[in-house]
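Below is one structure, written out as structure tokens, with a few remarks after it.
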Amino acid sequence: QVQLVESGGGLVQAGGSLKLSCAASGRTFGSNAMGWFRQPPGKEREFVATINWSGGNTYYAESVVGRFTISRDNVKDTVYLEMNSLKVEDTAVYYCAAKLGGSGSAMSGEYYFWGQGTQVTVSS
């Protein structure tokens, strides 16, 4: 079992930055690929970014390429999502998730463990 707790969300103006954190506890964090997903208001949950077990491979949704960076610290059992040049359309509840296995994935169905989410609101 993996417990995930997100933090770092909030209200920011368009063009601003936020850094989300996801602290993991439970089974060995370093063996799990991790992902960030988001659910905009009134829409379905969507993929944002994923990182493999070592941090050596990352993959992003096209909408965030060049603006968001996913990273992890396997000593601190934490995964991060640094978000720059935020847009109003980035407003959503952001979730981190852990999957069994070390390879990243954009498919939400491959993730077994989910955090409770953190709200990010970008104002114009």
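The values are calculated or read from the model by the stated rules, or taken from the named source; none is laboratory data. Note that the coordinates shown come from a computational prediction; the quantities given were computed from them, not determined experimentally. Using ideal geometry, Cβ is built from the backbone for each residue, glycine included, and neighbour counts are taken over all protein chains shown. For the accessible areas, the whole protein counts, side chains as well, though only heavy atoms, and no ligand, DNA or RNA atoms are used. Shrake-Rupley method; radii C 1.70, N 1.55, O 1.52, S 1.80 Å.
In the stretch 33-55, what residues are farther than 20 Å from Ser7 by Cβ, open to solvent by 60 Å² or more (accessible area, probe 1.4 Å) and not small (Gly, Ala, Ser)?
Pro41, Lys43, Glu44, Glu46, Trp53 - these are the residues of the stretch 33-55 that are farther than 20 Å from Ser7 by Cβ, open to solvent by 60 Å² or more (accessible area, probe 1.4 Å) and not small (Gly, Ala, Ser).
May I ask you to list the residues in the stretch 56-68 that are surrounded by 14 or more Cβ atoms within 10 Å (Cβ to Cβ) and either touching a helix residue (DSSP H, G or I) at 6+ places or on another chain (Cβ under 7 Å) or charged (D, E, K, R) (or both)?
Answer for the stretch 56-68, where residues must be surrounded by 14 or more Cβ atoms within 10 Å (Cβ to Cβ) and either touching a helix residue (DSSP H, G or I) at 6+ places or on another chain (Cβ under 7 Å) or charged (D, E, K, R) (or both): just Arg67.
So Ser71 ticks every box in (1) touching a residue at least 40 places away in the same chain (Cβ under 8 Å); (2) open to solvent by 40 Å² or more (accessible area, probe 1.4 Å); (3) touching an Asp or Glu at 6+ places or on another chain (Cβ under 9 Å) but one. Which box is left unticked?
So the condition that Ser71 fails would be (1).
What do you reckon, is Gly30 open to solvent by less than 30 Å² (accessible area, probe 1.4 Å) and part of a loop (DSSP other than H, G, I, E, B)?
No; evaluated as a whole, the condition is false for this residue.
Specify which of the listed residues (Ser105, Ser31) is more than 15 Å from the chain's Cα centre (by Cα), in contact (Cβ under 8 Å) with a residue 12 or more places away in the chain and over 24 Å from Val122 (Cα atoms).
Ser31
Being open to solvent by 30 Å² or more (accessible area, probe 1.4 Å) and either in contact with a Phe, Trp or Tyr (Cβ under 7 Å, 6 or more places away or on another chain) or in contact (Cβ under 8 Å) with a residue 24 or more places away in the chain (or both) is the requirement here; does Val88 meet it?
yes
Do we have Val12 as of a type in the set (Val, Ile, Thr), in a strand (DSSP E or B), touching a residue at least 60 places away in the same chain (Cβ under 8 Å) and touching a strand residue (DSSP E or B) at 6+ places or on another chain (Cβ under 6 Å) here?
Considered against the rule, which asks whether it is of a type in the set (Val, Ile, Thr), in a strand (DSSP E or B), touching a residue at least 60 places away in the same chain (Cβ under 8 Å) and touching a strand residue (DSSP E or B) at 6+ places or on another chain (Cβ under 6 Å), Val12 comes out as yes.
Please state which of the following conditions Asp77 fails to meet, knowing it meets all the rest: (1) crowded, with 22+ Cβ neighbours inside 10 Å; (2) among the acidic types (Asp, Glu); (3) under 15 Å from Phe113 (Cα atoms).
Evaluating Asp77 over (1) crowded, with 22+ Cβ neighbours inside 10 Å; (2) among the acidic types (Asp, Glu); (3) under 15 Å from Phe113 (Cα atoms) leaves (1) as the failure.
Is there any pair with a first residue in the stretch 43-55 that is in contact (Cβ under 8 Å) with a residue 12 or more places away in the chain and on the phi > 0 side of the Ramachandran plot and a second that is part of a strand (DSSP E or B) and surrounded by fewer than 18 Cβ atoms within 10 Å (Cβ to Cβ) whose Cβ atoms are under 7 Å apart and which are 6 or more apart or on different chains, and what are they?
Short answer, once both residue conditions are applied: Gly55/Ser71.
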